[in-house]
Amino acid sequence: MSKNAELFSLAKRFMPGGVSSPVRAFKSVGGDPIIVERAEGCKIWDVEGKEYIDFLCSWGPIILGHAHPEVVQAVCEQAHKGLSYGLTNPHEITLASMVANLVPSIDKVRFVSSGTEAVMSAVRLARGYTGRKYVVKFEGCYHGHYDSLLVSGGSGVATFGIPGTAGVPEEMAKLTLVLPYNNPHALIEAFEKYGEDIACVVIEPVAGNMGVVLPEEDFLKAIEEQTKKYASLLIFDEVITGFRLSLGGAQELFGIRPDITCLGKVLGGGMPLGAYGGKEDIMNKVSPEGPVYQAGTLSGNPLSMVAGIKTLEVLIREKPYKYLEELTRRLAEGISELLREKGIPHRINRIGSMFTVFFTDQEVKDFQSAKSSDTQMFARFFRALLSEGVLIPPSQFEAWFLSMAHTQKDIDDALERIKKAIDSL
């Protein structure tokens, strides 16, 4: 038995499915998962010492590359000063001011410990602010494992083909209106019927958890118009896109100002961190200023704060977004050419430093078209890449990510490995 398999067998004795998050079990792609020992730059090594070029990037946070020296130094220096205080620290104030200065729609921000917690808190705030009950979300968009939003979600939920999850009461699910992504007509109809009771619309401005799906022209604008018309709040879930597509996130690229923005992943620089922020009058409804309660012992944790500060400082200084986009284009186009030569139907959706290879001959513009993908072909593709030392997300319905640590040589090396993998299919 390999060391990966041996450790995974032990993990299953003490952890449900042997993992702390379902997709890590590789159920949808088959085979035993790898157990990671270390990572540096754009490479990751399993417990058997095998090296992988990493296009998972911890599901998005690792935009600088693994173990970036400046981030590591900042975290180590802070660790010597204490791991947690349970009180406000100066780093919180610094990071909050950076976020408010970079993200167009944010005046004030509240830090939490995960993206799920950020969205959960933002929805509660929207309901508290408007006094309304309904939440609108879009089919295939994943917003964490919060009860109200784990309805027709993407990510692991899409992979396993279930519309929700056991443990969520029907009454809770009925407070969420699920609409097709990129369909402004359905949105308008929903507002005409329920508008006076809709507290908020929650959306990934670029979907990343049914695979990468870009908003069609005027879709986001239509949402902005409807929420304003009916005095509902617009919540952008930029946990994936925040600081990855630009310093101001997707909202800066598309010129939309949401009422509340949820952040995570890149914001924490690899440490557990989430945040939600927005206009001052809305954020002032959060306790202790206002009546909407939310709290967390580890919120504003100093290790996460310094990792986030240093990550944003490097992004501001290096301005890597054009470089990352060019590198991502080269990789995506190279993969597409290899698949075409092999006669394998596919579509690649790409924006900035994130993309998805869908194994379908349809244009992918919503969850239904994403689900036309050949998941068995993806599973074979994934396993072939893994055997050649290329790590990608173990799910058809996820985004690949690149980091500043990836070089032109790494892309050339990856394409050589991917060619061998595709030739073996």
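The values are calculated or read from the model by the stated rules, or taken from the named source; none is laboratory data. Keep in mind that this is a model prediction, so the values were computed, not measured. So basically every Cβ, Gly included, is an ideal-geometry build from the backbone, and we count neighbours across all protein chains shown. SASA here: full protein model, heavy atoms, side chains in, ligands and nucleic acids out. Shrake-Rupley method; radii C 1.70, N 1.55, O 1.52, S 1.80 Å.
Return the pair list, or none, for Cβ contacts closer than 8 Å from residues in the range 171-195 that are part of a loop (DSSP other than H, G, I, E, B) to residues that are among the polar types (S, T, N, Q), at least 6 apart or on different chains.
From residues that are part of a loop (DSSP other than H, G, I, E, B), the pairs are Leu175/Ser148; Pro180/Gln368.
Between a residue in the range 337-363 that is farther than 17 Å from Lys419 by Cα and any residue that is surrounded by fewer than 19 Cβ atoms within 10 Å (Cβ to Cβ) and of a type in the set (D, E, K, R), which pairs come within a Cβ distance under 6 Å, given they are 6 or more apart or on different chains?
Gly352/Glu325
Return the residues of the range 1-38 that are more than 12 Å from Pro394 (Cα to Cα), over 20 Å from the mean Cα position of the chain (by Cα) and open to solvent by less than 50 Å² (accessible area, probe 1.4 Å); say none if nothing qualifies.
Answer for the range 1-38, where residues must be more than 12 Å from Pro394 (Cα to Cα), over 20 Å from the mean Cα position of the chain (by Cα) and open to solvent by less than 50 Å² (accessible area, probe 1.4 Å): Asn4, Ala5, Phe8, Ala11, Gly17, Gly18, Ile35.
For Ala250, which of the numbered conditions (1) on the phi < 0 side of the Ramachandran plot; (2) surrounded by fewer than 24 Cβ atoms within 10 Å (Cβ to Cβ) fails to hold?
For Ala250, the exception is condition (2).
Can you name every residue in the range 198-234 that is in a helix (DSSP H, G or I) and in contact (Cβ under 8 Å) with a residue 24 or more places away in the chain?
Phe219, Leu220, Lys221, Ala222, Ile223, Glu224, Gln226, Thr227, Lys229
For every residue, the table says whether it meets (1) at pLDDT 90 or above; (2) farther than 30 Å from Leu402 by Cβ; (3) not small (Gly, Ala, Ser).
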{"residue": "Val123", "(1), (2), (3)": "yes, yes, yes"}
{"residue": "Arg127", "(1), (2), (3)": "yes, yes, yes"}
{"residue": "Val151", "(1), (2), (3)": "no, yes, yes"}
{"residue": "Ala173", "(1), (2), (3)": "no, yes, no"}
{"residue": "Ala199", "(1), (2), (3)": "yes, yes, no"}
{"residue": "Ile203", "(1), (2), (3)": "yes, no, yes"}
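Looking only at the range 411-424, decide whether some residue is without any contact (Cβ under 8 Å) to a residue 12 or more places away in the chain and open to solvent by less than 60 Å² (accessible area, probe 1.4 Å).
Checked against the condition, which is being without any contact (Cβ under 8 Å) to a residue 12 or more places away in the chain and open to solvent by less than 60 Å² (accessible area, probe 1.4 Å), the range 411-424 yields no hits at all.
Among all residue pairs at least 6 apart or on different chains, which show Cβ distances below 7 Å where the first residue, located in the range 371-398, is hydroxyl-bearing (Ser, Thr, Tyr) and the second is part of a loop (DSSP other than H, G, I, E, B) and buried (at least 17 other Cβ atoms within 10 Å of the Cβ)?
Sorted first by the residue in the range 371-398, then by its partner, the pairs are Ser372/Thr360; Ser373/Phe359; Ser373/Thr360; Ser373/Gln396; Thr375/Ser28; Thr375/Gln396; Ser395/Ser28.
Just give me the residues in the range 258-308 being assigned to a helix (DSSP H, G or I) and acidic (Asp, Glu), in sequence order.
If the condition is that a residue be assigned to a helix (DSSP H, G or I) and acidic (Asp, Glu), then Glu280, Asp281 are the ones that fit.
Could you please give the count of residues in the range 235-247 that are touching a strand residue (DSSP E or B) at 6+ places or on another chain (Cβ under 7 Å), more than 16 Å from Ile309 (Cα to Cα), open to solvent by less than 10 Å² (accessible area, probe 1.4 Å) and not in a strand (DSSP E or B)?
1
If you go through the range 274-305, how many residues are closer than 29 Å to Cys57 by Cα, open to solvent by less than 10 Å² (accessible area, probe 1.4 Å) and of a type outside the set (Phe, Trp, Tyr)?
Final tally of qualifying residues: 8.
Consider Lys137 carefully, then state whether it is under 24 Å from Leu267 (Cα atoms), outside any helix (DSSP H, G or I), modelled with pLDDT of 95 or more and of a type in the set (D, E, K, R).
Working: under 24 Å from Leu267 (Cα atoms): yes; outside any helix (DSSP H, G or I): yes; modelled with pLDDT of 95 or more: no; of a type in the set (D, E, K, R): yes.
It is false that Lys137 is under 24 Å from Leu267 (Cα atoms), outside any helix (DSSP H, G or I), modelled with pLDDT of 95 or more and of a type in the set (D, E, K, R).
Within the range 196-216, track down each residue that is touching a strand residue (DSSP E or B) at 6+ places or on another chain (Cβ under 9 Å), surrounded by 17 or more Cβ atoms within 10 Å (Cβ to Cβ) and under 21 Å from Val123 (Cα atoms).
If the condition is that a residue be touching a strand residue (DSSP E or B) at 6+ places or on another chain (Cβ under 9 Å), surrounded by 17 or more Cβ atoms within 10 Å (Cβ to Cβ) and under 21 Å from Val123 (Cα atoms), then Ile198, Ala199, Cys200, Val201, Val202, Ile203, Glu204, Pro205, Val206, Ala207, Gly208 are the ones that fit.
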